Amino acid sequence: MIYCVYLILSKKLDKYRSYVGYTKNISNRLHLHNTSKGAKFTRGRKWKIIYLKKYKSKIMAMKEEYKLKKNYKLRKELISEYKKNEHFNTITL
């Protein structure tokens, strides 16, 4: 089974919020976040996937999710890269 580690981003009044997670069904997970049925932190916002990486095992995905959650420098780099290309980014599921 394939597991995905993802970084989602939400923008509200020129303020960005990010959330990191892992899942085996990314389209369903994004739907849950956007319908306020995902993680409590993500409720009430519209989210876009800005980073996605696939892993062959759940354990590896969980380890990488933990690393990404704690690595604020990498998260900021991913977010700033997204903001530079925001008008050109068309990730859809």
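The values are calculated or read from the model by the stated rules, or taken from the named source; none is laboratory data. Keep in mind it's a predicted model, so treat the numbers as computed, not measured. Don't worry about glycine lacking a Cβ; one is built from the backbone with ideal geometry, like all the others, and counts go over all protein chains shown.
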Taking only pairs six or more apart or across chains, which ones have beta-carbon atoms under 8 Å, a first residue in the range 74-86 that is part of a helix (DSSP H, G or I), and a second residue that is β-branched (Val, Ile, Thr)?
-> Arg75/Val20; Leu78/Ile50; Ile79/Ile50; Tyr82/Ile50
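Do you know which of the residues in the range 3-24 that are more than 15 Å from Lys69 (Cα to Cα) and either at pLDDT 95 or above or small (Gly, Ala, Ser) (or both) is surrounded by the fewest Cβ atoms within 10 Å (Cβ to Cβ)? Walk me through it before giving the result.
Going through the range 3-24, the residues more than 15 Å from Lys69 (Cα to Cα) turn out to be 3, 10-16, 24.
Going one step further and asking which of them are either at pLDDT 95 or above or small (Gly, Ala, Ser) (or both), we end up with 3, 10, 24.
Working: Tyr3: 21, Ser10: 17, Lys24: 12.
That would be Lys24.
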Test set (1) more than 23 Å from Asn85 (Cα to Cα); (2) without any contact (Cβ under 8 Å) to a residue 24 or more places away in the chain - Glu64 fails condition number | (2)
Scanning the range 46-71 residue by residue, the ones that are surrounded by fewer than 17 Cβ atoms within 10 Å (Cβ to Cβ) and over 19 Å from Tyr3 (Cα atoms) total 3
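Collect the residues in the range 18-67 that are assigned to a helix (DSSP H, G or I), touching a helix residue (DSSP H, G or I) at 6+ places or on another chain (Cβ under 9 Å) and more than 12 Å from Ile8 (Cα to Cα), keeping them in residue-number order. I'd like the intermediate steps shown before the answer.
Start the filter on the range 18-67 by keeping residues that are assigned to a helix (DSSP H, G or I), which leaves 26-34, 40-42, 58-67.
Still in the list and also touching a helix residue (DSSP H, G or I) at 6+ places or on another chain (Cβ under 9 Å): 32-34, 42, 67.
If the condition is that a residue be assigned to a helix (DSSP H, G or I), touching a helix residue (DSSP H, G or I) at 6+ places or on another chain (Cβ under 9 Å) and more than 12 Å from Ile8 (Cα to Cα), then Leu32, Lys67 are the ones that fit.
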Kindly provide the set of residues from the range 26-38 that are exposed (fewer than 13 other Cβ atoms within 10 Å of the Cβ), more than 12 Å from the chain's Cα centre (by Cα) and not charged (D, E, K, R), ordered by number.
-> Asn28, Thr35, Ser36
Residue hits (the range 44-61; under 26 Å from Asn85 (Cα atoms) and within 14 Å of the chain's Cα centre (by Cα)) are Arg45, Lys46, Trp47, Lys48, Ile49, Ile50, Tyr51, Leu52, Lys53, Lys54
